[in-house]
1. How large are Rg and Dmax for the range 143-189 when only the alpha carbon atoms are used, in Å?
2. For a distance above 28 Å, tell me the whole-number percent of Cα pairs in the chain that qualify.
3. Would you mind checking which residues have amide H under 5 Å from Leu102's amide H? H placed 1.01 Å from N; only 5 or more apart, or other chain.
4. What list of ³J(HN,Hα) couplings, whole Hz, do you get for the range 13-29 from phi and the Karplus terms 6.51, -1.76, 1.60, once you set θ to phi - 60° and write x for glycine and proline?
5. Using only DSSP helix segments of four residues or longer, with each worth -39500 (n - 2.57), what per-residue ellipticity at 222 nm results for the chain after dividing by its residue count and rounding to 500?
6. Rounded, prolate or oblate: pick one for the range 115-179, where a ≥ b ≥ c are the square roots of the eigenvalues of its C-alpha gyration tensor, a/c under 1.5 means rounded, and failing that, prolate if a/b is larger than b/c, else oblate.
7. Quick check on the range 96-148: take the gyration tensor over C-alpha atoms, sort the square-rooted eigenvalues as a ≥ b ≥ c, and tell me if it's rounded (a/c under 1.5), prolate or oblate.
8. Taking a ≥ b ≥ c as the square roots of the Cα gyration tensor eigenvalues, with a/c under 1.5 meaning rounded and otherwise prolate when a/b beats b/c, else oblate, which class fits the range 1-98?
Amino acid sequence: MKSIVILISGRGSNMEAIVRAAIPGARIAAVISNRPNAGGLAFAAAHGIATAVVDHTTYTDRAAFDAALAGAIDSHTPDLVVLAGFMRVLTADFVRHYEGRLINIHPSLLPSFTGLHTHRRALAAGVRVHGTTVHFVTAELDCGPIIIQAVVPVMAGDTEETLTARVLAQEHRIFPQAVCWIVEERVRIEGNMARVAGARESGVMISPPPEDV
Ligand code: GRF
């Protein structure tokens, strides 16, 4: 049985998707938030999952916060630590401590649109496809070997809200899938690449789609 700790900062809909997936061989040991009022904490508690808050505002610097956070995480001896809408930049020491067992979901097709406001920036850039990425965390922000990505079309008339919703629906599919593959020990890191044993490889997506002639 693999032990998983999920870190959140807010609503926690991705954490919820992972919990609801009830991945065989995985046990969600704890959900930890850096914000006491994170909506997702109530969902986790209601599902019998241990919850904890490590409030970043009560620490004088990033290193002290990260050390306290690592202490809370490590008390559950996790095999995998999942950043699910965890909105804090982590120190290099923290990332190194969890090397190879720390994953994040980022709401863009990395390496495009690292950082914040990804949907707004995708609309402003006029891209035809957008999406979301699950990747291993490395010291550089929003980098690290990519495990899975979902691509969605950007449609005429899209607003930040409609595009956000389209991407979020796919996040809820690919994040549990990535966790499942890791639990099944099918993911291997090779340099800057993550290889998924037995993953299907097929298809093409063109947006807007060409007209059949
Ligand atoms: C998601 O869009 C995720 O990609 C980003 O923050 C959002 C978190 O949403 N990092 P939720 O808290 O999981 O609902």
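Please treat every number below as a calculation from the coordinates, not as lab data. None of the values given here were measured: they were computed from a predicted structure.
1. In Å, with Rg to one decimal and Dmax whole: 13.6, 42.
2. Summing the P(r) of the chain above 28 Å gives 29 percent of all pairs.
3. Long-range HN contacts for Leu102: Val81, Val137.
4. 5, 6, 4, 4, 4, 5, 4, 5, 5, 6, 5, x, x, 10, 10, 7, 6
5. -9500 deg cm²/dmol
6. It is oblate, given that a/c is not under 1.5 and a/b is not larger than b/c.
7. Prolate, because a/c is 1.5 or more and a/b exceeds b/c.
8. The shape class here is oblate.
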